1. Does Ile35 qualify as being within 12 Å of Ala209 (Cβ to Cβ), out of contact with any Pro (no Cβ under 7 Å at 6 or more places or on another chain) and open to solvent by 10 Å² or more (accessible area, probe 1.4 Å)?
2. Which members of region 177-190 meet the condition of being open to solvent by less than 80 Å² (accessible area, probe 1.4 Å), free of Cβ contacts under 8 Å to residues at least 60 places away in the same chain and not in a loop (DSSP other than H, G, I, E, B)?
3. Give region 238-258 a look and list any residue that's surrounded by fewer than 23 Cβ atoms within 10 Å (Cβ to Cβ) and β-branched (Val, Ile, Thr), or say none.
4. Return yes when Gly203 is assigned to a helix (DSSP H, G or I) and out of contact with any Phe, Trp or Tyr (no Cβ under 7 Å at 6 or more places or on another chain) and no when it is not.
5. Is there a residue in region 29-49 that is hydrophobic (A, V, I, L, M, F, W, C), farther than 26 Å from Asn271 by Cβ and at pLDDT below 95?
6. Given the structure, is Gly245 of a type outside the set (Val, Ile, Thr) and either at positive phi or in contact with a His (Cβ under 8 Å, 6 or more places away or on another chain) (or both)?
7. Of everything in region 143-159, what is in contact (Cβ under 8 Å) with a residue 40 or more places away in the chain and in a helix (DSSP H, G or I)? Give them in sequence order.
8. Note down all Cβ pairs under 7 Å where the first residue falls in region 101-130 and is without any contact (Cβ under 8 Å) to a residue 24 or more places away in the chain, the second is open to solvent by less than 60 Å² (accessible area, probe 1.4 Å) and assigned to a helix (DSSP H, G or I), and they're at least six residues apart or on different chains.
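The values are calculated or read from the model by the stated rules, or taken from the named source; none is laboratory data. These figures come from a predicted structure and were not determined experimentally. Because the Cβ atoms are built from the backbone with ideal geometry, glycine has one as well, and the counts that use them run over all protein chains shown. Ligands, DNA and RNA are excluded from the accessible area calculation, which covers all protein heavy atoms including side chains. Shrake-Rupley method; radii C 1.70, N 1.55, O 1.52, S 1.80 Å.
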Amino acid sequence: MIALGILCGIGAVTKGSSFATTSNMVLILSLAAVIGVVTVGMTFVIIGGGIDLSVGALIALASVWSTTTGSQAQGPAVMIFTSVLVGTLCGLLNGLLIAYGRLVAFIVTLATMVATRGLAEQLSDRKSQIVTADTFLSIAETRWLGMPLLVYIFAAVVVLGWLVLNRTTFGRRTFAVGGNPEAARLAGINVRLHTCLLYVVSGFCCGIAAVMLTAQANTGASTHGMLYELNAIAAVVVGGTLLTGGFGSVLGSILGVLVFTTITDLFILNNLTTPIQEIAQGAIIIAVLLIQRWGRGRSVTT
């Protein structure tokens, strides 16, 4: 909250006439929508003690598969279903390998990142597949009360994620598994099944994000989702979720998304180069990690 407030203050001072406008606030929310949906899924995985490096590649594969000639011929409903199904099944594969294959999450998701990106390139022949279904494209073009439909989808996913994490048994078990898997097992939680389901949630969110990104770009491409895994992890960390698991929140992660999206907006308005933006993002991540470590150190001491 403090970081976001500081960024808004900088924007108001440096580009007040351009930054503090309704259209620019809507732009920031639109920029945050796709990566925000991915971040919700990543939040579940990290709170549960895992990590998912494959999210960007899953988006690429889902976008390509949903925009093939065969998929588009069946209509927009089939395209949306295909995208969500591909993301969910890939998440299930990750979960099975990690939970039941007892493989390291970092290695598994790194391998699936490479494999799914390669499969997306193979399916698309490294070419962008143009979306011809106008109804599908309307997902990105439709506005309600001046706000893009993508923002409403983003908000719906955030609300659903918050409710599941904070108001259901599934959410409580997620914190338990991430905090102490052995204690969770002794308490009667099926740790393997729950870990698998966390990656299914992440894959499901990737499928939704793929629909949104494909509608925005008007194409399905193997290059979609580049570095989304790093952006999502960074947003989760900045939002206060511990990489060791067991602690975090969906709302905190969304604030992290808004921090980085606001940085991007400020750099665009001030005509600053991308390398400087990346340096600023890296500095913020390191600062947050140091604050988290300092806070844990104080709690242990007291």
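1. yes
2. Hits for region 177-190 are Ala183, Ala184.
3. Thr244
4. yes
5. Among the residues of region 29-49, not one is hydrophobic (A, V, I, L, M, F, W, C), farther than 26 Å from Asn271 by Cβ and at pLDDT below 95, which makes the answer no.
6. Values: of a type outside the set (Val, Ile, Thr): yes; either at positive phi or in contact with a His (Cβ under 8 Å, 6 or more places away or on another chain) (or both): yes.
Answer is yes for this residue.
7. Across region 143-159, the qualifying residues are Leu150, Val151, Ile153, Phe154, Val157, Val158.
8. So the pair list comes out as Val108/Asn94; Val108/Ile98.
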